[in-house]
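A short write-up of the structure that comes next.
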Amino acid sequence: MKDPIIQVNHLSFSYNGSPVLSDVSLTVMEKEFVAFIGPNGGGKTTLIKLLLGLLKPDQGTIKIMGQSPAKIAHRFGYVPQDVSFNKSFPISVMDVVLMGRLPFHRWTRLSRNDRIAAQKALESLEMLEFQNRKINDLSGGQRERVFIARALATDPDILFLDEPTANIDSQGRTDLYALLKELNKTKTIFVVSHDTMVLSSYITSVACVNKDVHYHNDAEITKEMLDMGYHCPVELIAHGIPHRILKTHEGNND
Amino acid sequence: MIDALHFEFMRNALIAGCFASLICGVIGSFVVVNRLVFLAGGIAHAAFGGIGLAFFLGIPYLLGTLGVSLMAAMIMTAVVLNNKDRADTFIGILWAIGMATGIILLDMTPGYNVNLMSYLFGSILAVPGSDLWWMLGLSVFTLFSTGFFYRDLLAISYDDEFARLRGVPVNLIYFLFIGLVAVSIVIIIRVVGLILVIALLTIPPYIAEKYSNSLAQMMGLSTLLAVLFNFSGLWVAYTYNLTSGATIILMAAAAFFISMIFDALFLKKPPTLISNEQNN
């Protein structure tokens, strides 16, 4: 039933002459919940930015819903990795989330719908009470939630989250993944995360990103697969209920 | 001070100060939040090349200066958009070339000795009425563009990657507003001088940023602060017979340090380290 939503063919990208990703091919079906895992510097963020169209591939093609990323970018929701930039910028939580509703018609005030959508997004992350606060007065974890709300306010078909839980406590993480699971009923979701233990019961597939990409459609990594040399810094990852705990992979102690 | 208002030059100076404050408050806020202060400095000094060119070719001041500074602004913008990391070096080079070219062109201009000081510190007390119309036009255009693109400007300034994803024409708006920075600098140099332009573009927005909840508030508060510095500087200059451009800058500088001391004493901000922050 499901159609491929993302098709990447022989994609290569290098940054200042050093290859970050080489010859990556990847097909992802609609409404998958994909976890990007892999070591630091393995190219996870670069891959996301290529999929978003913020970076241009050196070689290869990316088709998302049959189009180039730049053409379809308005249907993406994106949570960047770094949410602590521009620390002194005077802007309210509401105005940050409203960016998800861009572009606006010129001159016209924001429509009621835009505000309602932004408030709904904030509410789903339990941040509505902070809507009039300056974003710089919030903690890292709260800021993270505001940026997730901004991505949700776009009402995207595909959601990209680059380490969305880096600043969030464990209860917040569980809540966030439960919310993503709910959203996954209608949206395709990509998440970069090192929370492999928590993730395992929510995702539908795993992509190990380390210069190349190995995509596992069944969201299950076996010892054999690791032995074949996927080099993922994963100790255990399992899918479904009840959780399956896999043995720690030998020689993978970091 | 009140009796000074009987003089036309004083009335013109105050009106010019208001327009310059408005333009600098709005455009300066854009410059400060986008960290383009160095770029604005580069444009202002490259404009000096334009002053030299205008005198050398015998063309009107505005034509030569606008042409050169707009060209410099567009080149600098292209560099900033393509290579953010090294842009500052390149701007520094254009900055120096602009100044050097300006001086040499003035050297080569026969029989005319321009008072360079007036371009560095301006002569707000000698503003002709025609310049006020230029400033009025620029003020209206600046307010219009900022109002029209406010939400886009906000998104680009805060998070240009996200703005790009949402289909905001990031490059176009960047070029437009940096072009506006260039035009503002050229028109205001004539009134308050090159050094005061940079001071008015940066000091009021920097102070205002900390006390504002939005970019629009920051623009408004910077404008008010700039008016305050202009008027108080003019009053000191008039009373003690000093160079007005310099007194206005020193007023702004004094406010800058007072606000820093005030913040240190009364605004107890949490430390800026975020790595250990907790929720709630």
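The values are calculated or read from the model by the stated rules, or taken from the named source; none is laboratory data. Since the structure is predicted, the reported quantities are computational estimates derived from the model, not experimental observations. Glycine gets a Cβ as well: all are built from the backbone with ideal geometry, and neighbour counts include every protein chain shown. Surface areas here come from the heavy atoms of the whole protein model, side chains and all, with no ligands, DNA or RNA. Shrake-Rupley method; radii C 1.70, N 1.55, O 1.52, S 1.80 Å.
When you go through B:51, B:59, B:75, B:27 one by one, which is the residue that is of a type outside the set (Phe, Trp, Tyr), more than 14 Å from every other protein chain (Cβ to nearest Cβ) and not in a helix (DSSP H, G or I)? Don't jump to the end; show me each part of the working.
On the way: B:51 fails: not in a helix (DSSP H, G or I); B:75 fails: not in a helix (DSSP H, G or I); B:27 fails: not in a helix (DSSP H, G or I).
Only one candidate passes the filter, namely B:59.
Quick one: which of A:60, A:41 is away from chain B (no Cβ under 14 Å) and free of Cβ contacts under 8 Å to residues at least 24 places away in the same chain? Give the steps one after another, and end with the answer.
Details: A:60 fails: free of Cβ contacts under 8 Å to residues at least 24 places away in the same chain.
Going through A:60, A:41 in turn, the sole match is A:41.
State all residues of segment A:158-176 that are of a type outside the set (A, V, I, L, M), more than 9 Å from chain B (Cβ to nearest Cβ), open to solvent by less than 30 Å² (accessible area, probe 1.4 Å) and without any contact (Cβ under 8 Å) to a residue 60 or more places away in the chain; if no residue qualifies, say none.
Result: A:165, single match.
What are the residue pairs meeting all of these: first residue in segment B:121-134, first residue over 11 Å from residue B:12 (Cα atoms), second residue open to solvent by less than 30 Å² (accessible area, probe 1.4 Å) and not β-branched (Val, Ile, Thr), Cβ atoms under 6 Å, and 6 or more apart or on different chains?
Every condition considered, the pairs that remain are B:121/B:193; B:121/B:245; B:122/B:193; B:122/B:196; B:122/B:245.
Given the criteria among the aliphatic types (A, V, I, L, M), buried (at least 20 other Cβ atoms within 10 Å of the Cβ) and modelled with pLDDT under 95, does residue B:237 qualify? Explain how you work it out, then say what you get.
Values: among the aliphatic types (A, V, I, L, M): yes; buried (at least 20 other Cβ atoms within 10 Å of the Cβ): yes; modelled with pLDDT under 95: yes.
It is true that residue B:237 is among the aliphatic types (A, V, I, L, M), buried (at least 20 other Cβ atoms within 10 Å of the Cβ) and modelled with pLDDT under 95.
Residue B:224 versus (1) of a type in the set (A, V, I, L, M); (2) modelled with pLDDT of 90 or more; (3) open to solvent by less than 10 Å² (accessible area, probe 1.4 Å): which is the lone unmet condition?
Looking at each condition in turn, residue B:224 falls short on (3).
Which of the residues spanning segment A:67-105 are in contact with a Gly (Cβ under 8 Å, 6 or more places away or on another chain), more than 7 Å from chain B (Cβ to nearest Cβ) and within 13 Å of residue B:159 (Cα to Cα)?
A:83, A:100
In segment A:192-218, which residues are closer than 20 Å to residue A:164 by Cα, open to solvent by less than 40 Å² (accessible area, probe 1.4 Å) and modelled with pLDDT under 80?
A:195, A:196, A:199, A:200, A:201, listed by residue number.
Does segment A:148-157 contain at least one residue that is within 24 Å of residue A:44 (Cβ to Cβ), in contact (Cβ under 8 Å) with a residue 60 or more places away in the chain, open to solvent by 30 Å² or more (accessible area, probe 1.4 Å) and assigned to a loop (DSSP other than H, G, I, E, B)?
Scanning segment A:148-157 turns up at least one residue that is within 24 Å of residue A:44 (Cβ to Cβ), in contact (Cβ under 8 Å) with a residue 60 or more places away in the chain, open to solvent by 30 Å² or more (accessible area, probe 1.4 Å) and assigned to a loop (DSSP other than H, G, I, E, B).
In segment B:107-152, what residues are acidic (Asp, Glu) and more than 14 Å from every other protein chain (Cβ to nearest Cβ)?
Quick first cut of segment B:107-152, residues acidic (Asp, Glu) only: B:107, B:131, B:152.
B:107, B:131, listed by residue number.
When you look at residue B:22, is it away from chain A (no Cβ under 14 Å) and under 15 Å from residue B:208 (Cα atoms), yes or no?
Working: away from chain A (no Cβ under 14 Å): yes; under 15 Å from residue B:208 (Cα atoms): yes.
Considered against the rule, which asks whether it is away from chain A (no Cβ under 14 Å) and under 15 Å from residue B:208 (Cα atoms), residue B:22 comes out as yes.
Pick out the one residue from A:110, A:122, A:138 that is open to solvent by less than 20 Å² (accessible area, probe 1.4 Å), more than 19 Å from the chain's Cα centre (by Cα) and either within 29 Å of residue A:32 (Cβ to Cβ) or within 11 Å of another protein chain (Cβ to nearest Cβ) (or both). Before you say what the answer is, go through the steps one by one.
Working: A:110 fails: open to solvent by less than 20 Å² (accessible area, probe 1.4 Å); A:122 fails: more than 19 Å from the chain's Cα centre (by Cα).
Only one candidate passes the filter, namely A:138.
Please work out if residue B:50 is within 22 Å of residue B:100 (Cα to Cα), open to solvent by less than 50 Å² (accessible area, probe 1.4 Å) and within 13 Å of the chain's Cα centre (by Cα). Steps first, answer last, please.
On the way: within 22 Å of residue B:100 (Cα to Cα): yes; open to solvent by less than 50 Å² (accessible area, probe 1.4 Å): yes; within 13 Å of the chain's Cα centre (by Cα): no.
In short, no.
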